[in-house]
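J.: The structure follows.
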Amino acid sequence: MAQIYDTIILGGGPAGLSAGLYASRSKMKTLLIERGKFGGQTATTDELENYPGSAPDCTGPQLVERMRKQAEEFGTEFLKDEVLEVELEGKIKKIICKKGTYEAKTIIIATGAYPRLSGFKNETELRGKGVSYCATCDADFFTELDVAVIGGGDSAIDEAIYLTKFADSVTIIHRREGFRAAKTSLEKAQKNPKIKFILDTVVEEAKGDEILEGLVLRNVKTNEVTDLTVDGCFVFVGYLPISELFKGKIKLNDRGDIITDEEMRCDIEGVFAAGDIREKTLRQVVTATADGAIAATTAEKYVEANFED
Ligand code: NAP
């Protein structure tokens, strides 16, 4: 008979890895399923200045690899597979993947979020041909070239600063004057001689057939249209939850974030959510790992209360 896990964690970013650590440390039989690279968005982040205790030279990939090893040392099993379907209603939950079906008493959903498109003409056509959503992955291609960054949040500002290590110039294009990004990072970017700002402006179109040649910009106050010649365009306009699999099964908000209580419980018994997939106000590595720890602890209590050995 196939084994039944105490918990199956979906997603191997900081929330999932932290849930793995806490679940396996409390002797729960734990499986973590990840379809891509472990580490989620943190695996594509260079500097992590605001994760308490992280060393200045510790990169995102190094931090998440340490988290993964730590969870593994305590017994978390890892599986690379893609989840196709979930059956969450019964007392025993079923996770149907490409390579097999897995069963558990509890499920912790930590599938995270994916980059939102900005919506300008030719954005999809030129993706990977000058338009990018990951500075850590692609910055090197733009060494000594000129790039634009779209957005005014933490991702845009942090990644623009990172891009100055490679590019000759980085132009941040933001649709208004105010920024969501942390003031410290914004000030750092404003002082960086390689960074220029174009505010109250949106990108209307990316020019180029086979490769990005430039952007068409529109000032939202004056409606003036201008061209900007750039070799690369990095889009950081927020993220959307990876929750397609759970639509109609779990309570989601209008954006598709999973709604939980403070103990990370979803509206189905035995199902929990953690990290960026969850409706919350502060999306950070530190809040993702905290969510994972809480979800695993609540799941453990649920197993104790609802199952005999
Ligand atoms: P975000 O905070 O949602 O910011 C998205 C930015 O893109 C906003 O400035 C928004 O403009 C702009 N925008 C949205 N749609 C747009 C469109 N269609 N065209 C042009 N601009 C558009 O997203 P994020 O920066 O990716 O951050 C996501 C979460 O992760 C946040 O909670 C953030 O704090 C966190 N994060 C933290 C760190 C860190 O702590 N170092 C690093 C990265 C991310 P408006 O402001 O006008 O809405």
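The values are calculated or read from the model by the stated rules, or taken from the named source; none is laboratory data. The structure presented is a predicted model; accordingly, all values stated were derived computationally and were not measured. So basically every Cβ, Gly included, is an ideal-geometry build from the backbone, and we count neighbours across all protein chains shown. Each accessible area value is taken on the protein alone, full model and side chains, heavy atoms only, with ligands, DNA and RNA left out. Shrake-Rupley method; radii C 1.70, N 1.55, O 1.52, S 1.80 Å.
J.: In the stretch 284-309, how many are open to solvent by 60 Å² or more (accessible area, probe 1.4 Å) and of a type in the set (D, E, K, R)?
T.: 4
J.: Oh, and also: If we keep just the residues of the stretch 136-159 that are away from the ligand (no atom under 11 Å from the Cβ) and of a type in the set (G, A, S), which is nearest to V237 (Cα to Cα)?
T.: Our first condition is that a residue be away from the ligand (no atom under 11 Å from the Cβ); within the stretch 136-159, this holds for 136-148.
Those still in the list that are of a type in the set (G, A, S) too: 139, 148.
Details: A139: 18, A148: 13 Å.
Looking at residues that are away from the ligand (no atom under 11 Å from the Cβ) and of a type in the set (G, A, S), I get A148.
J.: If you scan the stretch 201-252, which residues turn out to be acidic (D, E) and touching a strand residue (DSSP E or B) at 6+ places or on another chain (Cβ under 6 Å)? Can you show your working first?
T.: Initial filter on the stretch 201-252 (acidic (D, E)): 204-205, 209-210, 213, 224, 227, 231, 244.
If the condition is that a residue be acidic (D, E) and touching a strand residue (DSSP E or B) at 6+ places or on another chain (Cβ under 6 Å), then E204, E205, E213, D227, D231 are the ones that fit.
J.: Which of (1) within 28 Å of E49 (Cβ to Cβ); (2) open to solvent by 40 Å² or more (accessible area, probe 1.4 Å); (3) in contact (Cβ under 8 Å) with a residue 60 or more places away in the chain does D140 not meet, given it meets every other one?
T.: D140 satisfies all of (1) within 28 Å of E49 (Cβ to Cβ); (2) open to solvent by 40 Å² or more (accessible area, probe 1.4 Å); (3) in contact (Cβ under 8 Å) with a residue 60 or more places away in the chain except (3).
J.: Looking at the stretch 293-309, which of its residues are assigned to a helix (DSSP H, G or I) and either within 16 Å of the ligand (Cβ to nearest atom) or of a type outside the set (G, A, S) (or both)?
T.: Keep residues of the stretch 293-309 that are assigned to a helix (DSSP H, G or I), which gives 293-306.
The answer is I294, T297, T298, E300, K301, Y302, V303, E304, N306.
J.: Turning to a different aspect of this structure: For residues that are touching a Phe, Trp or Tyr at 6+ places or on another chain (Cβ under 9 Å) and charged (D, E, K, R), tally how many sit in the stretch 94-136.
T.: Going through the stretch 94-136 one residue at a time, the tally reaches 5.
J.: In addition: In this structure, does I195 turn out to be within 12 Å of the ligand (Cβ to nearest atom), within 19 Å of G232 (Cα to Cα), open to solvent by less than 80 Å² (accessible area, probe 1.4 Å) and aliphatic (A, V, I, L, M)? Reasoning before the result, please.
T.: Working: within 12 Å of the ligand (Cβ to nearest atom): no; within 19 Å of G232 (Cα to Cα): yes; open to solvent by less than 80 Å² (accessible area, probe 1.4 Å): yes; aliphatic (A, V, I, L, M): yes.
It is false that I195 is within 12 Å of the ligand (Cβ to nearest atom), within 19 Å of G232 (Cα to Cα), open to solvent by less than 80 Å² (accessible area, probe 1.4 Å) and aliphatic (A, V, I, L, M).
J.: Of everything in the stretch 224-240, what is surrounded by fewer than 20 Cβ atoms within 10 Å (Cβ to Cβ) and small (G, A, S)? Give them in sequence order.
T.: If the condition is that a residue be surrounded by fewer than 20 Cβ atoms within 10 Å (Cβ to Cβ) and small (G, A, S), then G238 is the only one that fits.
J.: Go through the stretch 99-135 and give me each residue that's within 16 Å of the ligand (Cβ to nearest atom), in contact with a helix residue (DSSP H, G or I) (Cβ under 8 Å, 6 or more places away or on another chain) and part of a strand (DSSP E or B).
T.: If the condition is that a residue be within 16 Å of the ligand (Cβ to nearest atom), in contact with a helix residue (DSSP H, G or I) (Cβ under 8 Å, 6 or more places away or on another chain) and part of a strand (DSSP E or B), then A113, S132 are the ones that fit.
J.: Here's something else I'd like to know. Just to be sure, is Y22 outside any helix (DSSP H, G or I) and either more than 16 Å from the chain's Cα centre (by Cα) or touching a residue at least 60 places away in the same chain (Cβ under 8 Å) (or both)? It would help to see each step written out before you state the result.
T.: On the way: outside any helix (DSSP H, G or I): no; either more than 16 Å from the chain's Cα centre (by Cα) or touching a residue at least 60 places away in the same chain (Cβ under 8 Å) (or both): yes.
In short, no.
J.: Every residue in the stretch 158-174 that is surrounded by fewer than 17 Cβ atoms within 10 Å (Cβ to Cβ) and either among the acidic types (D, E) or more than 23 Å from K129 (Cα to Cα) (or both), please.
T.: D168
J.: Further question on the same structure: Mind listing just one residue for me: the one in the stretch 242-277 that is touching a residue at least 60 places away in the same chain (Cβ under 8 Å), open to solvent by 20 Å² or more (accessible area, probe 1.4 Å) and within 15 Å of the ligand (Cβ to nearest atom) and, of those, farthest from the chain's Cα centre (by Cα)?
T.: Going through the qualifying residues, I end up with I242.
Residues are listed down the side, and each one gets a yes or a no for (1) among the small types (G, A, S); (2) more than 30 Å from A296 (Cα to Cα); (3) surrounded by fewer than 24 Cβ atoms within 10 Å (Cβ to Cβ):
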{"site": "E103", "(1), (2), (3)": "no, no, yes"}
{"site": "I109", "(1), (2), (3)": "no, no, no"}
{"site": "D146", "(1), (2), (3)": "no, yes, yes"}
{"site": "G153", "(1), (2), (3)": "yes, yes, yes"}
{"site": "A156", "(1), (2), (3)": "yes, yes, no"}
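Conditions (1) over 18 Å from the mean Cα position of the chain (by Cα); (2) polar (S, T, N, Q), marked per residue:
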residue: Q3; (1), (2): yes, yes
residue: L32; (1), (2): no, no
residue: T44; (1), (2): no, yes
residue: G53; (1), (2): yes, no
residue: P56; (1), (2): yes, no
residue: P61; (1), (2): no, no
residue: E77; (1), (2): yes, no
residue: K99; (1), (2): yes, no
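J.: Sort out which residues of the stretch 201-216 are within 13 Å of the ligand (Cβ to nearest atom), farther than 14 Å from F234 by Cα and open to solvent by 20 Å² or more (accessible area, probe 1.4 Å), and write them in order of number.
T.: Residue satisfying the conditions is E204 alone.
J.: State whether one or more residues within the stretch 188-204 are more than 24 Å from D146 (Cβ to Cβ) and polar (S, T, N, Q). Steps first, answer last, please.
T.: First, pick out the residues of the stretch 188-204 that are more than 24 Å from D146 (Cβ to Cβ): none.
No, the stretch 188-204 contains no residue that is more than 24 Å from D146 (Cβ to Cβ) and polar (S, T, N, Q).
J.: Would you check if T281 is within 16 Å of the ligand (Cβ to nearest atom) and open to solvent by 50 Å² or more (accessible area, probe 1.4 Å)? Break it down into steps so the answer makes sense when it comes.
T.: On the way: within 16 Å of the ligand (Cβ to nearest atom): yes; open to solvent by 50 Å² or more (accessible area, probe 1.4 Å): yes.
So T281 fits the description; yes.
J.: Can you go through G20, G39, G16 and tell me which one is modelled with pLDDT of 95 or more and closer than 30 Å to V131 by Cα?
T.: Result of the check over G20, G39, G16: G16.
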